[in-house]
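Q: This is the structure I want to talk about, given as structure tokens.
The values are calculated or read from the model by the stated rules, or taken from the named source; none is laboratory data. Keep in mind it's a predicted model, so treat the numbers as computed, not measured. All Cβ positions, glycine included, derive from the backbone under ideal geometry; neighbour counts span all protein chains shown. The area values use the complete protein model at the heavy-atom level, side chains included, leaving out ligands, DNA and RNA. Shrake-Rupley method; radii C 1.70, N 1.55, O 1.52, S 1.80 Å.
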Amino acid sequence: MQFSDFGQRFNAYSGITHLMDDLNQGLLQDDVVMLGGGNPAAIPQVLETLQDTVSDLLQRGDLVKALTNYDGPQGKQSFLESLADYFNEQFNWGISAKNIALTHGSQSAFFALFNSFAGTTGKRKRHVLLPITPEYIGYSDLGVEDEIFVSRNPQIERLPDQFFKYHIDFDQLEINADTGLVCVSRPTNPSGNVLTDEECAKLDRLARQHQVPLLLDNAYGTPFPHIIFNDVNPFWNDNTIVCLSLSKLGLPGVRTGIVIANQEVITQLSNMTAITSLAPGGVGPVVVNELLRQGLLTQLCDDVIRPFYQARCELAVTWLKQAVNDERLHIHLPEGAIFLWLWFEGLSISSSELYTKLKQQGLLVVPGHYFFPGQPGVNAHGEQCLRMNYVQSENDLKKGIEILARTLKQYW
Ligand SMILES: Cc1ncc(COP(=O)(O)O)c(C=O)c1O
């Protein structure tokens, strides 16, 4: 069989394929401690609310209606309208349904957006600028063309109690005529970093100056799922593309992403959806629209989801510090998302070697080197880091941390 260049590019065993394979393996094998993937936690109150909502929708015939009809390429109209009202009520953004498009998860929105703004553009080759790394592993292989990313290393601020925090190094940041899009996740996967309001405002100013859109990947942010532990303001204006998702709310299976942007971007996205997949799925929208209608969404996020992750995160940090008990362990200040980003300063083996040793012991994590898209060669800092989630049961979390501490003692 002969695949085209395009076919071969997407046949590569990429970081995200590796991650999703591990995720599947972790789900299938009981003896593996799965601190690797990005599946949200199975929070009993969330599951219960979803079960009740789906039962109601089924009884009323709304679920079958969603299953048996195509929506338009922009997505389910009733949901677009509810969302516009919801964002306007929450943040006063002054948007309408025309500013929103649904996609098959954020991941497919990134594919459409990255390739719409980066790659060959007339005589230029434009890039997606990632102003700070480490950054989301899922971006890395989305380019239809080679090398669509340019990225920058962060400034590292060392904090008390073995914490550190990344900041954008604005002195190293250059937006130029070859920049097609600026993209950043907030909160950041893998580090749990949340860009400050000042950093966002500065990025926005720079992006506007150069007439380049700023994409804020808000998969863990406000108003839903609201896995964000400090007080920062959400950000949107007509040069910003905010991407949200139903996944981390607890619904990764419905594959629904939400894009908020100016109408030109929304039209581009919906036209691409029409061509590549006719319409986004309607099941996630009908379920979450019902949560919105009943006023349950904010309550679920603020009273259940955020407190769950915050408590679990604090527990994981305490157990880690106790088990590893070494000053060379540094933890990125967990400000949001569902991961801890660990830096083992002076580690004697690479992050992928450590990953393999841990896997042999029955612990799955994600090696740090995957999180530096757009960087040529090996990133020395990333080679001393790994990402672990804290969404599994307390038992598994404890077991995983013990395996990690034991293994580190041998290789530090
Ligand atoms: C930062 C970030 N953005 C986007 C996504 C993808 O979300 P979706 O399931 O909507 O494609 C993830 C998934 O882990 C993520 O971590």
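Q: Please verify whether Pro334 is within 16 Å of the ligand (Cβ to nearest atom), assigned to a loop (DSSP other than H, G, I, E, B) and open to solvent by less than 20 Å² (accessible area, probe 1.4 Å), treating the condition exactly as stated.
A: Answer is no for this residue.
Q: Please list, ordered by first then second residue, the pairs with beta carbon atoms under 6 Å, 6 or more apart or interchain, first in the stretch 31-58 and aliphatic (A, V, I, L, M), second more than 16 Å from the ligand (Cβ to nearest atom) and open to solvent by 60 Å² or more (accessible area, probe 1.4 Å).
A: Val33/Lys399
Q: How many residues does the stretch 129-158 hold that are within 14 Å of the ligand (Cβ to nearest atom) and assigned to a strand (DSSP E or B)?
A: Final tally of qualifying residues: 1.
Q: For the stretch 225-278, give me the residue count where each residue is open to solvent by 10 Å² or more (accessible area, probe 1.4 Å), of a type in the set (A, V, I, L, M, F, W, C) and more than 15 Å from the ligand (Cβ to nearest atom).
A: Total meeting the criteria: 9.
Q: So, in the stretch 368-401, how many residues would count as being of a type in the set (A, V, I, L, M) and open to solvent by 20 Å² or more (accessible area, probe 1.4 Å)?
A: 2
Q: Pick out the one residue from Phe339, Phe344, Phe308 that is open to solvent by 30 Å² or more (accessible area, probe 1.4 Å) and at pLDDT 95 or above.
A: Unique residue meeting the criteria: Phe308.
Q: Separate question: Which one is nearest to His127 (Cα to Cα), of the residues in the stretch 214-224 that are buried (at least 24 other Cβ atoms within 10 Å of the Cβ) and not hydrophobic (A, V, I, L, M, F, W, C)?
A: Looking at the filtered set, the residue picked out is Asp217.
Q: Now for a separate question. Before we move on, is Tyr86 within 25 Å of Arg306 (Cα to Cα), more than 20 Å from the chain's Cα centre (by Cα) and not acidic (Asp, Glu)?
A: So Tyr86 passes the test.
Q: Would you be able to say whether some residue in the stretch 96-111 is assigned to a loop (DSSP other than H, G, I, E, B), free of Cβ contacts under 8 Å to residues at least 60 places away in the same chain and either touching a helix residue (DSSP H, G or I) at 6+ places or on another chain (Cβ under 6 Å) or buried (at least 21 other Cβ atoms within 10 Å of the Cβ) (or both)?
A: yes
Q: To continue, here is another question. Please indicate, with yes or no, whether at least one residue in the stretch 189-211 is within 16 Å of the ligand (Cβ to nearest atom), under 17 Å from Val259 (Cα atoms), at pLDDT 95 or above and in contact with a strand residue (DSSP E or B) (Cβ under 7 Å, 6 or more places away or on another chain).
A: no
Q: I've got another one for you. Taking the condition of being open to solvent by 60 Å² or more (accessible area, probe 1.4 Å) and part of a helix (DSSP H, G or I), how many residues in the stretch 279-305 meet it?
A: Summing the residues that are open to solvent by 60 Å² or more (accessible area, probe 1.4 Å) and part of a helix (DSSP H, G or I) in the stretch 279-305 gives 3.
Q: Return yes or no: is Leu195 in contact with a Pro (Cβ under 7 Å, 6 or more places away or on another chain) and either open to solvent by less than 40 Å² (accessible area, probe 1.4 Å) or among the acidic types (Asp, Glu) (or both)?
A: no
Q: Part of a strand (DSSP E or B) and either open to solvent by less than 40 Å² (accessible area, probe 1.4 Å) or within 15 Å of the ligand (Cβ to nearest atom) (or both), is that true of Cys183?
A: Taking the combined requirement at face value, the residue satisfies it.
Yes/no per residue for (1) open to solvent by 90 Å² or more (accessible area, probe 1.4 Å); (2) at pLDDT 95 or above; (3) in contact with a strand residue (DSSP E or B) (Cβ under 9 Å, 6 or more places away or on another chain):
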{"residue": "Phe3", "(1), (2), (3)": "yes, no, no"}
{"residue": "Gly36", "(1), (2), (3)": "no, no, yes"}
{"residue": "Asp56", "(1), (2), (3)": "no, yes, no"}
{"residue": "Gln59", "(1), (2), (3)": "yes, yes, no"}
{"residue": "Leu67", "(1), (2), (3)": "yes, yes, no"}
